[in-house]
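**Student:** I have a structure I would like to understand better, so I am pasting it below and will then ask my questions one at a time.
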Amino acid sequence: MIGLKRGTVKLKKHDPNWAKLFKKEKKLLLGKFPNVILEISNGGSTTIPTIPAKPIIDVFAVAPSLKDAESIRTDLEKLGYEYRGKEGVPERVLYVRLKKKNNF
């Protein structure tokens, strides 16, 4: 299982399936938004097989502009993502895919 209740921190033993889940999500997003998402990478503790990790897959997507990143908000919400805005970080828009709405 992937994800945590908001405000919870819990580490789990590395799961090799996390890389597969990232690849599946990357393929979905690049296929759905080929003109908006230029590049997708994976980061965070789930990418390091030798350490325990929070079971949260960090997906970093690059868009030509913030306007472009926000233009796909409705479609991302249909996929189970929640829009969180900039959350105090300039030049970034945060979307979170909620555990209860996804296939993880």
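Residues checked against (1) without any contact (Cβ under 8 Å) to a residue 12 or more places away in the chain; (2) of a type in the set (Asp, Glu); (3) within 23 Å of residue 76 (Cβ to Cβ):
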{"position": "12", "(1), (2), (3)": "no, no, no"}
{"position": "18", "(1), (2), (3)": "no, no, yes"}
{"position": "21", "(1), (2), (3)": "no, no, yes"}
{"position": "25", "(1), (2), (3)": "no, yes, yes"}
{"position": "32", "(1), (2), (3)": "no, no, yes"}
{"position": "41", "(1), (2), (3)": "no, no, yes"}
{"position": "52", "(1), (2), (3)": "no, no, no"}
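**Student:** From the residues in segment 29-48 that are farther than 16 Å from residue 95 by Cα and among the β-branched types (Val, Ile, Thr), which one is surrounded by the fewest Cβ atoms within 10 Å (Cβ to Cβ)?
**Tutor:** Residue satisfying both the conditions and the ranking: 48.
**Student:** Considering each of 56, 51 in turn, give the residue that is in a loop (DSSP other than H, G, I, E, B), among the hydrophobic types (A, V, I, L, M, F, W, C) and either in contact with a Gly (Cβ under 8 Å, 6 or more places away or on another chain) or exposed (fewer than 11 other Cβ atoms within 10 Å of the Cβ) (or both).
**Tutor:** Result of the check over 56, 51: 56.
**Student:** Among the candidates 20, 26, 12, single out the residue that is crowded, with 17+ Cβ neighbours inside 10 Å and basic (Lys, Arg).
**Tutor:** When all the criteria are applied, what remains is 26.
**Student:** Looking only at segment 1-60, count how many residues are within 21 Å of residue 71 (Cα to Cα) and among the hydroxyl-bearing types (Ser, Thr, Tyr).
**Tutor:** Result for segment 1-60: 1.
**Student:** Restricting segment 72-102 to residues that are over 17 Å from residue 32 (Cα atoms) and assigned to a helix (DSSP H, G or I), which is modelled with the lowest pLDDT?
**Tutor:** The residue in question is 101.
**Student:** Now a separate question. Out of 70, 82, I need the residue that is farther than 27 Å from residue 10 by Cβ, of a type in the set (Asp, Glu) and either surrounded by 12 or more Cβ atoms within 10 Å (Cβ to Cβ) or touching a residue at least 12 places away in the same chain (Cβ under 8 Å) (or both). Which one?
**Tutor:** 70
**Student:** Is it true that some residue in segment 28-43 is basic (Lys, Arg), at negative phi and modelled with pLDDT of 95 or more?
**Tutor:** Checked against the condition, which is being basic (Lys, Arg), at negative phi and modelled with pLDDT of 95 or more, segment 28-43 yields at least one hit.
The values are calculated or read from the model by the stated rules, or taken from the named source; none is laboratory data. Keep in mind that this is a model prediction, so the values were computed, not measured. Don't worry about glycine lacking a Cβ; one is built from the backbone with ideal geometry, like all the others, and counts go over all protein chains shown.
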